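One structure is given here, and the rest of the page talks about it.
The values are calculated or read from the model by the stated rules, or taken from the named source; none is laboratory data. The structure displayed is predicted, hence computed values, not measured ones. We place every Cβ from the backbone using ideal geometry, glycine too, and count neighbours over all the protein chains shown.
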Amino acid sequence: MTKETIMIIGAAQEHCLGINVAHRMGMRVFVTDGNPRSPGFALAEAFSVASTYDPKATLDAAKNYIENGGRIDGVMTLAADVPYTVAYVAEHLGLAGIGLETALNASEKIRMKECFLQRSLPMPLFREVANEEHLMQVADEFGLPIVVKPVDSRGARGVQLIRERTLLPAAYSNARQYSPTDRVMIEEYLPGPQLSTEGFMLDGEAYVPAIFDRNYEYLDRFAPFVVENGGEMPSLYEPRIRDEINSVMKQAALALGMETGVIKGDLVVSQGQVKVIEIAARLSGGFFGTVATPASCGVDLVRTNIEVSLGRSVDPHQLDHKYERAAAIRFAFPESGRVIHVDGLSEILQDESCCYAHVFVNEGDVIPTITNHPGRPAVVVADGDTREDAVINANRLINSLCWQIEQI
Ligand SMILES: Nc1ncnc2c1ncn2[C@@H]1O[C@H](COP(=O)(O)OP(=O)(O)OP(=O)(O)O)[C@@H](O)[C@H]1O
Ligand SMILES: [Mg+2]
């Protein structure tokens with residue numbers, strides 16, 4: 001009899017870490033991705049080329065795999081924000097999942113925020129805007145600064161913090177360009193520490209083992225674009241806000257209709273209160289969930305994600321911290337241009353504080369001006385006994401990469 005098989009939607013660099021966890025659990029892995037050169041294709045037992053954003057093509061790939069003798073016991077993603085594709089496959093194959101309605105609520109920002117509003121969750125003011133003129137009107141009503149963003153994109157594509165009225169027309173077209181449905185929204189800007197959390201809903205209760213402080217040191221450099229430079233755990237604000245985060249995440253997940261599933265939070269501590277920008281029904285991109293969480297506290301979120309996707313009942317104690325260390329993530333932001341050569345990765349990988357490091361670009365690739373998260377060309381995750389040590393290690397390692405770049 002064929003071994004238990006997990007289907008992972010997405011086969012990029014971070015998915016490879018999920019494939020490795022599934023293998024350590026003794027499972028086979030079937031992956032799908034629209035990029036025929038996805039690194040996960042070489043790691044998994046089986047793969048098929050299908051865009052992660054195309055639910056029907058992904059389901060066809062799964063059915064085809066089964067017709068050819070494969071089995072699928074569960075379906076999931078990590079890092080890729082494609083809850084609808086995952087739910088669609090789960091629904092049609094009779095597998096565990098969050099359901100189509102909840103997946104839609106998690107996919108579209110206006111719909112999500114309307115769900116939050118019904119439960120009176122603490123959150124920024126928001127409004128969809130029909131055109132540039134409407135944007136100006138609502139911006140006047142909310143008052144600057146505001147955040148302008150596409151209603152249905154991800155990876156911070158087109159997300160802009162606007163402090164001056166003259167920048168509003170360009171912000172509208174920048175955001176609209178990233179919306180597959182040409183829809184733009186604005187939000188009140190919430191000042192304050194930004195947090196990213198990783199966790200699960202298990203039978204209607206929220207468990208949030210990882211709270212990261214996100215690093216926005218480059219807000220001015222990339223203005224008006226909101227580009228994050230990693231983050232670190234444990235959070236400075238823990239344990240003061242741990243219970244509040246649990247409660248906000250639970251209410252947010254229930255508002256979307258989720259009783260069991262992955263919950264990743266984008267939160268802000270604003271005027272002393274935890275407010276929710278959005279939640280995602282998958283583990284973070286950016287190596288928060290896959291690498292930094294297990295390094296910092298020993299919790300294997302990917303394993304739990306796989307178990308939930310298989311429909312197994314999960315003991316919440318497996319989300320308890322196993323130890324208290326620290327981890328930090330930092331990205332590289334070289335000048336834009338054509339990559340001639342990048343040196344230093346092999347030394348970084350040998351450093352004892354290095355948990356993970358990867359350069360996403362190859363020689364000859366062009367690094368454009370960075371305006372969003374998928375544009376960041378390299379990452380390092382480092383650990384340390386304390387948060388300060390982990391940050392020092394991550395900065396030291398990422399800064400040791402030597403970029404040879406030709407201006408174009
Ligand atoms: N109203 C706001 N107030 C303060 N910060 C915000 C606001 N909206 C967005 N941000 C910051 O910008 C980040 C990206 O915005 P958002 O999550 O809406 O876009 P996204 O495309 O879904 O990005 P990602 O896929 O990284 O979550 C947020 O995680 C948050 O740090
Ligand atoms: Mg987000």
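Annotations for the structure displayed:
- Residue check, Gly289 within 12 Å of ligand 1 (Cβ to nearest atom) and under 20 Å from His373 (Cα atoms): no
- Odd one out for Gly97 among (1) over 22 Å from Met258 (Cβ atoms); (2) away from ligand 1 (no atom under 13 Å from the Cβ): (1)
- Answer residue from the range 368-408, given it is among the hydrophobic types (A, V, I, L, M, F, W, C) and in a helix (DSSP H, G or I) and is surrounded by the most Cβ atoms within 10 Å (Cβ to Cβ) among those: Ala394
- Subset of the range 135-150 (residues that are touching a helix residue (DSSP H, G or I) at 6+ places or on another chain (Cβ under 9 Å) and either at pLDDT below 95 or surrounded by fewer than 19 Cβ atoms within 10 Å (Cβ to Cβ) (or both)): Met136, Asp140, Leu144
Condition check ((1) under 27 Å from Gly311 (Cβ atoms); (2) in the same structural domain as Gly286 (by TED's automatic domain parsing); (3) away from ligand 2 (no atom under 16 Å from the Cβ)) across all residues:
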| position | (1), (2), (3) |
| --- | --- |
| Gly199 | yes, yes, no |
| Asp203 | yes, yes, yes |
| Tyr207 | yes, yes, yes |
| Phe212 | no, yes, no |
| Glu217 | no, yes, yes |
| Pro224 | no, yes, yes |
| Glu232 | no, yes, yes |
| Glu238 | no, yes, yes |
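- Members of the range 222-251 that are among the aliphatic types (A, V, I, L, M), surrounded by 23 or more Cβ atoms within 10 Å (Cβ to Cβ) and out of contact with any helix residue (DSSP H, G or I) (no Cβ under 6 Å at 6 or more places or on another chain): Ile245, Val248, Met249
- Entirely in the range 1-114, the helices (runs of 4 or more DSSP H) that have 2 or more residues that are closer than 30 Å to Gln251 by Cβ, of a type outside the set (Val, Ile, Thr) and not assigned by TED's automatic domain parsing to the domain that holds Ala175: 13-24, 83-93, 100-107
- The range 267-301: number of residues that are over 28 Å from Arg111 (Cβ atoms) and assigned to a helix (DSSP H, G or I): 7
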